[in-house]
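Please treat every number below as a calculation from the coordinates, not as lab data. Given the structure is predicted, the values throughout are model-derived calculations rather than measurements. Cβ sites come from the backbone with ideal geometry, for glycine too, and all protein chains shown count toward neighbours.
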Amino acid sequence: MRLTRDQSLDQEAHSGDDGQFSLANVAPGSFRLTIASEGFATQSFDGDLHSGESYVVPQIVLTIATAVTEIRVVPSQFEVAEEQIKEQEKQRPLGFIPNFYVSYVPNAAPLTSKQKFELAGKVIVDPVTFALTAASAGLQQADDELGGYGQGAQGYAKRYGAGYADTVTATLIGSAILPSLLKQDPRYFYKGTGSKRSRVLYALATSVICKGDNGQWQANYSGILGSLAAGGISNLYYPTHDRGARLTFENTLIGIGTTAAANILQEFVIRKLTPNLPDHDPGNPPRLSGQISKLLGKFVHDGD
């Protein structure tokens, strides 16, 4: 126990086995006794000692201390990514077009290989993917593209099969297999802030660069090599006169340009057409790292 006085040194004493204690040579005046014991809640007693008085303190009972344990549950990176993917899978411009590969969370958790394959699979089997493939095959037949397939139902079926095979191989290789092997993120990270010029340059730049799973910007080997690989595989089923390395490289360059245009639409149009999106955090927009900015120079410099 400890005896505390206003203007004198504190005095301490230990009680005996019976809980009794005593203090001698205590100057008169007000005092406070503080009684503490391990495992028990600390108690205090205030009193006033007069000159020549022997003060008997009333019985003080210590209660067992209440143990307070704080447990903080922090979700794993995988669980955070799962929740973010669920939100991405709700992103449908005009209410029905899938737009799963856009993140409106600037610092979104990186995806595991399993999550990359699952996201690719959802795009591949989405009903809109089948519908768009059917429409594209119809336009190709009307313009007699891939003429080696011929016309009629058989020609349409071949064009449809080739178009869907293109989608499957490009999505699996460019958005799942290579991103898993190279540890790159296949998503587009919406910027949403800054001048129009800076946002346009950001959209153009992200057609050839991407975020790594480590959060750093790097060359988009997954997307570019994925397009080349998908084009190479298409030589197995395209008509003979529509095959060749030249066509593969041309289609890859066209794909990069198409991605750049799509990214610009993402920055300025698609978000406005997508219902029920989470609020975008303008305080932490995605920015290109110093290393990538140096590689691209003024082309990707944020002019804000």
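Results, tabulated for the structure shown:
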item	result
Local electrostatic count at GLN140 - Lys and Arg +1, Asp and Glu -1, tallied over other residues with Cβ under 15 Å	-3
Under the Debye formula (equal points on every Cα, no solvent term), log10 I(q)/I(0) of the stretch 1-69 at q = 0.11, 0.23, 0.26, 0.28 Å⁻¹	-0.29, -1.09, -1.32, -1.47
FRET efficiency estimate (nearest 0.05) - Cβ-Cβ, LEU181 to ALA36, R0 41 angstrom	0.10
Restraint check, LYS114/LYS191; LYS90/LYS183; LYS158/LYS183; LYS122/LYS191; LYS114/LYS196; LYS122/LYS272, Cα-Cα greater than 32 Å	LYS158/LYS183; LYS114/LYS196
Residue-averaged 222 nm ellipticity for the chain, from DSSP H runs of 4+ at -39500 (n - 2.57), nearest 500	-12500 deg cm²/dmol
Angle in degrees between helix 245-265 and the longest Cα principal axis of the chain, rounded to the nearest 10	50
5 angstrom amide H check on GLN184, placed H, neighbours 5+ away	ASP213
Neighbourhood net charge (14 Å Cβ-Cβ; Lys/Arg +1, Asp/Glu -1) for SER15	-3
Principal semi-axes in Å for the stretch 157-258 [√(5λ), Cα gyration tensor, largest first]	28, 16, 11
Whole-percent pair-distance distribution, where bins are 5 Å wide, for the alpha carbons of the stretch 91-233	2, 9, 16, 18, 18, 15, 11, 6, 4, 1, 0
Per residue Cα convex hull volume in Å³ - calculated over the chain	244
GluC sites (Glu not before Pro) lying in DSSP loop within the stretch 2-78, provided at most 15 other Cβ fall within 10 Å	GLU38, GLU53, GLU70
Span from the the stretch 216-233 Cα centroid across to the the stretch 1-75 one, whole angstrom	74
C-alpha long axis of helix 77-88 to longest principal axis of the chain, angle in °	50
Whole-angstrom gap from the stretch 136-185 to the stretch 88-116, using each part's C-alpha centre	22
Coil-residue chymotrypsin sites (Phe, Trp or Tyr not before Pro) of the stretch 6-68, DSSP, other Cβ within 10 Å capped at 16	PHE21, TYR55
